[in-house]
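Bear in mind these aren't lab numbers, they're just calculated from the coordinates by the rules spelled out. Everything quoted here is computed from the prediction, not taken from an experiment. Cβ sites come from the backbone with ideal geometry, for glycine too, and all protein chains shown count toward neighbours.
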Amino acid sequence: MNKIFETPLYPYARSVDQQTAEPAAHKVVIIGAGPVGLAMAVDLKQQGIDSIILDDNDKVSFGSRAICFAKRTLEIADRLGFGDPLVEKGVVWNLGKVFFDDRKVYEFNLLPEDGHKRPAFINLQQYYFEEYLVNRARALNIDIRGRSRVSAVEPHDSHVDLTVETPDGPYHIAADWVIACDGAGSPTRSMMGLDFVGRVFEDNFLIADVTMDAEFPTERWFWFDPPFNRGQSALLHKQPDGVWRIDLQLGWDIDKEEEKKPENVIPRLKAMLGDDVAFELEWVSIYTFQCRRMEKFRHGRVLFAGDSAHQVSPFGARGANSGLQDVDNLGWKLAHVIHGTAPETLLDTYDVERIHGADENILNSSRSTDFITPKSETSRIFRDAVLDLSEHHPFARPLVNSGRLSMPCSYDASGLNGVDALTGAPHRSRPGSPCPDAPFMDGYFLSNLGGKFVVVGLNTDVPDQLDIDGVRVKGLHVDTAHYPLMAERYLGAVAAGVYLIRPDQHVTARWSEFDQAAVVAAVKTALGAAV
């Protein structure tokens with residue numbers, strides 16, 4: 001068993017807040033020290049906002065849990081300063097294969113083009129992801145309080161009162177803003193009388209992390225109706241340290257506690273891997289597909305992010321990846337509100353944009369689940385016909401859905417978007433979309449953006465810096481003669497252009513030439529201010 005499970009990374013220590021007569025006041029309190037809560041604190045700190053993190057645990061999550069981290073998540077991690085250790089430790093992969101019965105029907109490449117800093121995906125146990133985030137938070141002197149359970153949340157118009165339970169007894173604090181990142185079972189959500197809406201699917205899946213020395217390649221393998229799990233499905237992923245993730249569909253009417261027992265798990269794994277493959281169980285769990293979300297993610301001064309706000313089925317790797325996109329969206333907005341450079345109503349756009357992202361994930365996850373687990377004989381006949389055709393006919397392959405894998409969300413209909421006045425430019429870099437990466441200067445384009453507003457001139461001049469009502473906008477010049485992939489991904493057949501990019505590296509607006517009045521108006525729009 002990996003010792004990281006047993007080692008307190010943020011052990012309990014009595015805080016100064018426990019020694020004050022009146023409740024201490026904080027700008028931001030984050031509930032939950034998982035990937036989303038930790039990343040949230042790092043993002044805010046980099047923008048000059050101090051926070052404290054409260055968690056009832058004092059160590060990383062038990063078991064690998066989330067393992068597939070997408071390219072966009074790695075790009076966000078780069079901006080937050082912990083991308084390199086993730087990729088150095090993780091298992092990099094771009095290729096996947098789909099099997100039906102005992103034959104391969106086709107394979108796919110999730111990143112077929114060159115010129116990106118990060119791969120399509122890495123596989124990495126969640127406990128490593130959390131460990132690297134804790135290290136980053138420590139380097140920034142972020143206050144992480146272990147064994148500090150929030151037992152009461154009392155929202156007010158101007159602040160939120162919190163009660164914190166510790167080994168030394170309870171204490172009280174107040175926060176201007178609270179961000180609940182306390183997971184799918186969110187105690188914060190329960191204490192506020194809030195709930196999820198959505199769908200629970202009648203099926204169960206066994207997760208088994210096993211340690212073995214196997215010859216399988218570094219790819220995502222998915223089986224429909226395999227010989228070792230008839231009528232069901234299976235998934236295989238490689239992780240670091242010789243650990244492999246295996247998902248096996250079990251059906252609905254099962255005894256979960258019985259199915260988790262080693263004497264029942266091991267025969268299933270031997271049927272899949274063969275009797276001659278030696279392995280050891282590291283972690284076993286059973287999950288049920290759920291595609292649900294809160295009706296709103298913002299409730300006054302309490303905001304919800306990650307699994308506390310939305311849940312999707314694990315196939316497609318949308319849980320942790322969508323949670324990091326929540327962080328990416330919320331951090332800069334809350335920072336501008338706290339700094340006084342944006343109105344509080346800007347936070348309502350977190351609700352709008354990330355509910356759009358959650359609905360997109362729920363739609364894709366629901367479609368995946370319906371394809372993986374047909375609910376009628378007619379649906380099964382259709383699915384099996386699609387799988388048969390896909391072996392020899394490319395037109396059928398887009399219909400195969402073994403879990404549409406996590407993609408970055410585009411906010412096409414966002415009210416924060418400005419104009420799209422660069423006629424003929426690529427659709428992939430339209431307003432609302434995340435910026436495509438490409439080689440630039442001595443590295444990559446996204447590495448030069450940071451977490452600020454940036455105006456980019458491609459083959460045209462822009463100022464080195466603009467100051468718009470206290471908001472500093474960085475200017476960046478790109479001569480695409482030296483960077484052809486920048487031209488391809490941002491200009492297409494257009495000779496020159498100007499892009500405004502917001503702090504989460506989503507395109508805000510684009511023009512054929514620099515116009516300061518237009519840029520000022522677009523920045524104000526992106527900050528939710530009246531123009």
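Under 5 Å between amide hydrogens, built in the peptide plane, is the criterion, and for ASP58 it picks out ARG147 among residues at least 5 positions away or on other chains. Within the chain, the selection of entire DSSP H helices by a Cα span of 24 Å or greater along the long axis and an average Kyte-Doolittle value of at least -0.5 returns 319-339, 346-372.
When the helix-only estimate is applied to the chain (DSSP H runs of n ≥ 4, each -39,500 (n - 2.57), divided by the residue count), what is the mean residue ellipticity at 222 nm, nearest 500 deg cm²/dmol? My calculation for the chain gives -8500 deg cm²/dmol from helical runs alone.
In this structure, the amide hydrogen of TYR106, modeled 1.01 Å from its nitrogen in the peptide plane, lies closer than 5 angstrom to those of VAL98, counting only residues at least 5 positions away or on a different chain.
Sparse packing (at most 12 other Cβ atoms within 10 Å of the Cβ) combined with a DSSP loop state is found for the following trypsin sites (Lys or Arg not before Pro) in segment 328-404: LYS375. With a cut-off of 14 Å between beta carbons, the residues surrounding LEU44 carry a summed charge of -2, where Lys and Arg count +1 and Asp and Glu -1. Among the listed options [x] 54, 31, 20; [y] 44, 26, 24; [z] 38, 32, 20, the one matching semi-axes √(5λ) of the Cα gyration tensor in Å as calculated from these coordinates is [z]. For segment 1-107, GluC sites (Glu not before Pro) are listed when DSSP marks them as loop and at most 16 other Cβ atoms sit within 10 Å of their Cβ; the list is GLU6.
What the phi angles of segment 181-195 give under the Karplus curve with 6.51, -1.76 and 1.60, with θ = phi - 60°, is a coupling list of 10, 9, x, 4, x, 2, x, 4, 4, 5, 5, 8, x, 9, 8 Hz, glycine and proline written as x. Positive end of the dipole of the chain (Cβ unit charges, origin at the Cα centre): among ALA77, ALA425, VAL400, the Cα lying farthest that way belongs to ALA425. All other residues whose Cβ lies under 11 angstrom from that of SER308 are scored, Lys and Arg at +1 and Asp and Glu at -1, for a net of -1. Taking a straight line from the alpha carbon of LYS117, these aspartates and glutamates sit under 14 Å away, with near neighbours fewer than eight places off in the same chain left out: GLU75, ASP78, ASP84, GLU88, ASP437, ASP442. Counting 0.36 nm for each residue step from SER158 to ALA139 and taking away their Cα separation leaves a gain of 3.7 nm. Remark: segment 470-478, residue by residue, has Karplus-estimated 3J(HN,Hα) of x, 9, 8, 10, 7, x, 9, 9, 10 Hz, where x stands for each Gly or Pro and the curve is 6.51 cos²θ - 1.76 cosθ + 1.60 at θ = phi - 60°.
Dipole magnitude for the chain: computed about the Cα centre from +1 point charges on Lys and Arg Cβ and -1 point charges on Asp and Glu Cβ, it is near 500 debye. Taking a point 7 Å out from the Cα of VAL16 in the direction of its Cβ, the residues of segment 156-197 whose backbone N falls within less than 18 Å of it are 171-176.
Basic side chains Lys and Arg get +1 at the Cβ, acidic Asp and Glu get -1 at the Cβ, and with that the dipole of segment 125-215 about its Cα centre reaches some 260 debye.
Placing R0 at 45 angstrom, the Cβ-Cβ distance between PHE62 and ASP469 gives a FRET efficiency of 0.40 after rounding to 0.05. In a DSSP loop and with at most 11 other Cβ atoms within 10 Å, the chymotrypsin sites (Phe, Trp or Tyr not before Pro) in segment 244-328 are TRP252.
Summing Cβ point charges (Lys, Arg +1; Asp, Glu -1) relative to the Cα centre of segment 427-526 gives a dipole of roughly 360 debye.
From most to least packed by mean Cβ count within 10 Å, the peptides 173-183, 19-29 give 173-183, 19-29.
Amide H to amide H distances under 5 Å link SER433 with TYR411, VAL507, where only residues 5 or more positions off or on other chains count and H is placed in the peptide plane.
Given 20 °C and 1.002 mPa s, how large is the Stokes-Einstein diffusion coefficient of segment 469-531 in µm²/s, with Rh as the Kirkwood radius over Cα pairs? Here the translational diffusion coefficient equals 166 µm²/s.
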